[in-house]
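K.L.:
The structure's right below; bear with me while I get my questions together.
The values are calculated or read from the model by the stated rules, or taken from the named source; none is laboratory data. Keep in mind that what you see is a predicted model, and the values were worked out from it rather than measured. Ideal geometry is used to build each Cβ from the backbone, glycine not excepted, and the neighbour counts take in all protein chains shown. These area figures cover heavy atoms from the full protein model, side chains too; ligands, DNA and RNA do not enter into them. Shrake-Rupley method; radii C 1.70, N 1.55, O 1.52, S 1.80 Å.
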Amino acid sequence: MNSIEANDSLIHFNETCYSSLNEYLSKKNFSKIFILVDENTHQYCLPIFLEKLQTEVTIEIIEIESGEINKNIDTCVGVWNTLSDLDADRKSLMINIGGGVITDLGGFVACTFKRGIAYVNIPTTLLSMVDASVGGKTGVDLGALKNQIGVISNADLVLIDTKYLDTLPKNEMRSGLAEMLKHGLITGESYWSNFEDLSKLSLNDLDRLIYESVEIKKNVVEIDPFENGLRKTLNYGHTLGHAIESYFLSNPNKTTLLHGEAVVIGMILACYISTELTSFPKEKTEAIKSLLTGYYGKVDIDKQEYAPIIELLKYDKKNTHGNINFVLLEDIGKTKIDCLVEEETIIDAFNFYAS
């Protein structure tokens, strides 16, 4: 496992990360390097990274607050102003070290500052390794609405060093695992079957599965970078998952859900809807629900909360012509995009999850 070429960027793994980065820096004539971190990656990851970095270029550290709640345009304005105050120019480089918030927001800041400066993503969470840092999607939330503002722009390099996972809380690992589970459901039984008994997996297995998960996403986004067809399959579980995540983020009486925790609920709901509309086998829906709730537990969603969550579906980025478009399964590894779903069926899916 060394590197994968993806669109305009190169994804490097573990032992090749830092030699590749240092070679890249030696060939470029960057005026300054700006490293974007949050308070967690500043403390736990930045020291590891700086030990590996070989450059004479001036380095500036920019820290933002962690958490999805800070993935907004106000934070971008703060970073843009800091870049200006520190004399960043078009030959500057931004290195984003962190989870999905950092790579999404940092990439967006970089590709819009002075109409675009180079950037490198160093994902430090499982979620950002297998999802957020790969594929060119950058951007921020609009209030509690997920990823409403952004552009497609690829990092020059993506460096995936799984040693950073040693610094990660268990709930963040579980959040990232949800995206790998999704890749299994949309790709096929051979990858999905790896996750049917996590107790059998070693750390070496995890490295291999991360690599394969990145390959899955890379292959999809290369075929369809702007989400006109195949790339929509990566949104399996996300239509309702994002709505649930947004609802829990905006409701002061609810405990905020991590992205993967919300997507797991969305995948269970999508399995039920698939059984109802696209003949996905009922026994597979039951087995997937059992497996996922066994790993993640159940989240309490009251019946009176169904309506405000469903109302949030109208903001989903995949919607067109006033239609809410779902990704469903006909079987594991066999997807169907742009499916219309009646509200009654969505409510039945919530009741199935709660049962």
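K.L.:
Ordered by packing density, taken as the mean number of other Cβ atoms within 10 Å over each peptide's residues, highest first, how do 264-276, 334-346 rank?
P.N.:
Details: 264-276: 25.4, 334-346: 15.2.
With the highest mean Cβ count within 10 Å placed first, the list reads 264-276, 334-346.
K.L.:
Calculate, axis by axis, the spread of Cα positions in region 138-185 along the three principal axes, and write the results as whole Å, longest axis first.
P.N.:
31, 28, 25 Å, listed from the longest principal axis down.
K.L.:
Please turn the phi angles of region 111-126 into ³J(HN,Hα) values with the Karplus equation 6.51 cos²θ - 1.76 cosθ + 1.60 (θ = phi - 60°), one per residue in order, whole Hz, x for glycine and proline.
P.N.:
7, 10, 6, 6, 6, x, 10, 5, 8, 10, 9, 10, x, 10, 10, 4
K.L.:
Taking H placed 1.01 Å from N in the peptide plane, check which residues at least 5 places from ASN325 or on another chain put their amide H under 5 Å from its amide H.
P.N.:
Placed amide hydrogens put ASN319, THR320 under 5 Å from ASN325.
K.L.:
Something else now. More than 15 angstrom separation, counting every C-alpha pair in region 178-269; what % is that?
P.N.:
Numbers: 2719 of 4186 pairs.
Cα-Cα pairs in region 178-269 separated by more than 15 Å: 65 percent.
K.L.:
Specify which residue in the list ASN2, THR112, GLY188 is farthest towards the positive end of the charge dipole of the chain, using unit charges on the beta carbon of Lys, Arg (+1) and Asp, Glu (-1), about the Cα centre.
P.N.:
Farthest along the dipole direction, towards plus: THR112.
K.L.:
Let me ask you something else. So what does the Cα-only Debye profile of region 48-122 read at q = 0.15, 0.16, 0.25 Å⁻¹, as log10 I(q)/I(0), no solvent term?
P.N.:
-0.49, -0.56, -1.34
K.L.:
Using θ = phi - 60° and the Karplus relation 6.51 cos²θ - 1.76 cosθ + 1.60, list the HN-Hα couplings for region 167-180 in order, rounded to whole Hz, with x at every Gly or Pro.
P.N.:
Coupling constants for region 167-180: 8, 9, x, 4, 5, 6, 4, 5, 4, x, 4, 4, 5, 5 Hz.
K.L.:
With each label point set 7 Å from Cα along the Cα-Cβ vector, what nm distance links ARG90 and GLU330?
P.N.:
Going from the ARG90 label point to the GLU330 one covers 4.9 nm.
K.L.:
May I pose another question? Taking the Cα centre of the chain as the origin and placing charges on Cβ (Lys, Arg +1; Asp, Glu -1), which of SER92, ILE62, CYS339 is farthest toward the positive end of the dipole?
P.N.:
It is SER92, whose Cα lies furthest towards the positive end.
K.L.:
Excluding same-chain residues fewer than 8 positions from LYS28, which lysines have a Cα within less than 25 Å of its Cα?
P.N.:
LYS52, LYS91, LYS114, LYS137
K.L.:
Can you give me the Cα centroid spacing of region 89-106 and region 255-287 in angstrom?
P.N.:
33
K.L.:
Give the share of C-alpha pairs in each 20 angstrom bin for the chain, from 0 to the last occupied bin, in whole percents, shortest bins first.
P.N.:
31, 57, 11, 0
K.L.:
Over the chain, what percent of the accessible surface lies on carbon and sulfur atoms, probe 1.4 Å?
P.N.:
Answer for the chain is 48 percent, counting heavy atoms of protein chains only.
K.L.:
Please compute the length gained on full extension between ILE73 and SER190, using 0.36 nm multiplied by the number of residues separating them and subtracting their Cα-Cα distance.
P.N.:
Working: separation 117, 0.36 × 117 = 42.12 nm, distance 4.08 nm.
My answer for the length gained is 38.0 nm.
K.L.:
Taking only the Cα atoms of region 209-355, how large is their convex hull per residue, in Å³? Could the numbers behind the result be given before it?
P.N.:
Numbers: hull volume 17.2 nm³, N = 147.
Taking only Cα atoms, region 209-355 has a hull volume of 117 Å³ per residue.
K.L.:
While we're here: What is the dipole size for region 198-320, taken about its Cα centre, with +1 at each Lys and Arg Cβ and -1 at each Asp and Glu Cβ, in debye to the nearest 20?
P.N.:
Details: 15 positive and 17 negative charges, 20 e Å.
Approximately 100 debye in magnitude.
K.L.:
Okay, next question. Using the Cα centre as the reference, give the magnitude of the dipole from point charges on the C-beta atoms of the chain (Lys, Arg: +1; Asp, Glu: -1; all else neutral), rounded to the nearest 20 debye. Intermediate values should be presented prior to the final figure.
P.N.:
Working: 32 positive and 51 negative charges, 99 e Å.
Roughly 480 debye for the chain.
K.L.:
Sticking with this structure for a sec: Given axes a ≥ b ≥ c from the Cα gyration tensor, I'd like to know whether region 108-172 is rounded (a/c under 1.5), prolate (a/b larger than b/c) or oblate.
P.N.:
Values: a/c = 2.62, a/b = 1.37, b/c = 1.91.
Cα axes put region 108-172 in the oblate bin.
K.L.:
Moving to a separate point now. How large are Rg and Dmax for region 241-303 when only the alpha carbon atoms are used, in Å?
P.N.:
In order Rg, Dmax, the Cα atoms of region 241-303 give 12.6, 38 Å.
K.L.:
Mean projection of the alpha-carbon convex hull of region 1-152 over all orientations, in nm²?
P.N.:
Numbers: hull surface 33.5 nm².
So the mean shadow area of the Cα hull is 8.4 nm².
K.L.:
Want the number for ALA354 to ASN323: 0.36 nm per residue separation, take away the alpha-carbon distance, what's left?
P.N.:
Numbers: separation 31, 0.36 × 31 = 11.16 nm, distance 2.64 nm.
Extra length available between ALA354 and ASN323 comes to 8.5 nm.
K.L.:
May I ask you to give the average projected area over all directions of the convex hull of the Cα atoms of region 271-327, in nm² rounded to one decimal?
P.N.:
Details: hull surface 20.4 nm².
Result: a mean projected hull area of 5.1 nm².
K.L.:
Enumerate the calculated ³J(HN,Hα) couplings along region 63-70 in order (Karplus 6.51 cos²θ - 1.76 cosθ + 1.60, θ = phi - 60°), each rounded to whole Hz, writing x wherever the residue is Gly or Pro.
P.N.:
10, 10, 6, 6, x, 4, 4, 9
K.L.:
Further, regarding this structure: For every helix of n ≥ 4 consecutive DSSP H residues, a contribution of -39,500 (n - 2.57) applies; sum these over the chain, divide by its total residues, and give [θ] at 222 nm rounded to the nearest 500 deg cm²/dmol. Please report the intermediate quantities before stating the final value.
P.N.:
Working: 13 runs with 159 residues, N = 355.
Counting only the DSSP helices, I get -14000 deg cm²/dmol.
K.L.:
Tell me, what is the per residue accessible area of region 36-92 in Å², probe radius 1.4 Å?
P.N.:
Details: 3380 Å² over 57 residues.
Each residue of region 36-92 exposes 59 Å² on average to a 1.4 Å probe.
K.L.:
Here is a follow-up. Counting only DSSP beta bridges with both residues in the chain, tell me the antiparallel percent, nearest 5. Don't skip to the answer; put the middle values down first.
P.N.:
Details: 14 of 36 bridges.
Antiparallel: roughly 40 percent of the beta bridges in the chain.
K.L.:
What angle, in degrees between 0 and 90 and rounded to the nearest 10, separates the Cα long axis of helix 203-223 from the longest principal axis of the Cα atoms of the chain?
P.N.:
90
K.L.:
In terms of the ratio Rg/(2.2 N^0.38 Å) built on C-alpha atoms, what value belongs to region 136-223? Spell out each step's value before the answer.
P.N.:
On the way: Rg = 14.9 Å, N = 88, 2.2 N^0.38 = 12.1 Å.
Normalised Rg, Cα atoms only: 1.24.
K.L.:
Taking N as the number of residues in region 10-53, what is its alpha-carbon radius of gyration divided by 2.2 N^0.38 Å?
P.N.:
Values: Rg = 11.7 Å, N = 44, 2.2 N^0.38 = 9.3 Å.
Region 10-53 yields a ratio of 1.26.
K.L.:
Separate question: Express the Stokes-Einstein translational diffusion coefficient of region 117-267 in µm² s⁻¹, to the nearest whole number, given a Kirkwood radius over alpha-carbon pairs, 37 °C and a viscosity of 0.692 mPa s. Please list the in-between numbers first.
P.N.:
Details: Rh = 16.1 Å.
It diffuses with D of about 203 µm²/s by this estimate.
K.L.:
Cβ under 14 Å from LEU21's Cβ, LEU21 left aside: what net charge do those residues give with Lys, Arg +1 and Asp, Glu -1?
P.N.:
-2
K.L.:
Taking the chain as a Gaussian network, where each spring joins two C-alpha atoms under 10 Å apart, which residue of PRO47, PRO123, PRO225 fluctuates the most?
P.N.:
Of PRO47, PRO123, PRO225, the most mobile in the Gaussian network model is PRO47.
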